[in-house]
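Novice: Mind looking over this structure? Questions follow.
Each value in this text was obtained by applying a stated rule to the coordinates, not by laboratory testing. None of these values were measured; they are calculated from a predicted model. No Cβ is skipped: glycine too gets one built from the backbone with ideal geometry, and neighbour counts run over all protein chains shown.
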């Protein structure tokens, strides 16, 4: 789990973005889309928007952010100045840990798989993530999520901010 330099700072004048994201989640069952991508130039407020979802305010105007936060299963902020946040291994481990915490009231089966399913446990070991991060992410996170029975009645999401930071900062690969 990473933090953000904008944590707890308020987000103004773009409340419409939270409404649109909520709409994306609510329409998920009837659409073919599998996510949303927030795009914009440097300084346009993408990270501020993400921070407001992760750490929503308490006032009346923050109701849409709090609503999104209730559906947030995990988050990660990539930051070019913090190499640890750019680590694929740390990203996968962090997402798995957050999912096991947030999903415990939704799916005990998912949480149990993260702890006891040999293939899942092995795929989430650091040395295996370093060797094959795509395979580890698929076997340790995607497949168990896809197999939650019964599926939750509402859509949830995972938030990853500034995923392009690793490219900009020049980080290529983790050492094996």
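Novice: If we sort 16-25, 93-102 on the protection proxy, mean other Cβ atoms within 10 Å, highest first, what's the order?
Specialist: On the way: 16-25: 15.5, 93-102: 17.7.
Result, highest mean first: 93-102, 16-25.
Novice: Let's test the formula: R0 of 35 Å, r as the Cβ-Cβ distance of residue 60 and residue 116. What FRET efficiency results, to the nearest 0.05?
Specialist: Once the sixth-power term is evaluated, E becomes 0.20.
Novice: Right, next: Rounded if a/c is under 1.5, else prolate if a/b beats b/c, else oblate: with a ≥ b ≥ c from the C-alpha gyration tensor eigenvalues square-rooted, which is the range 12-74?
Specialist: Oblate shape, in that a/c is at least 1.5 and b/c is the bigger or equal ratio.
Novice: Let me ask another. With a ≥ b ≥ c the root eigenvalues of the C-alpha gyration tensor of the range 15-169, is it rounded (a/c under 1.5), prolate (a/b larger than b/c) or oblate? Intermediate results must be reported in sequence, preceding the final value.
Specialist: Working: a/c = 1.97, a/b = 1.22, b/c = 1.61.
Verdict is oblate for the range 15-169.
Novice: Take the alpha carbon gyration tensor of the range 90-134, find the square roots of its eigenvalues, order them as a ≥ b ≥ c, and report rounded if a/c is under 1.5; if not, report prolate when a/b exceeds b/c, else oblate.
Specialist: Numbers: a/c = 3.30, a/b = 1.64, b/c = 2.02.
Since a/c reaches 1.5 but b/c is at least a/b, the shape of the range 90-134 is classed as oblate.
Novice: What ranking do 107-120, 145-158 get when scored by the average of other Cβ atoms within 10 Å per residue, highest first? Show your work: numbers first, answer last.
Specialist: On the way: 107-120: 14.8, 145-158: 12.2.
Descending packing order for the listed peptides: 107-120, 145-158.
Novice: Same structure again: When only Cα pairs under 8 Å and 6 or more residues apart are kept, what is the percent relative contact order across the range 15-169?
Specialist: Over the range 15-169, the number comes to 28 percent.
Novice: Which length gain, in nm to one decimal place, applies between residue 154 and residue 13 when the Cα-Cα distance is subtracted from 0.36 nm times their residue separation?
Specialist: 48.0 nm
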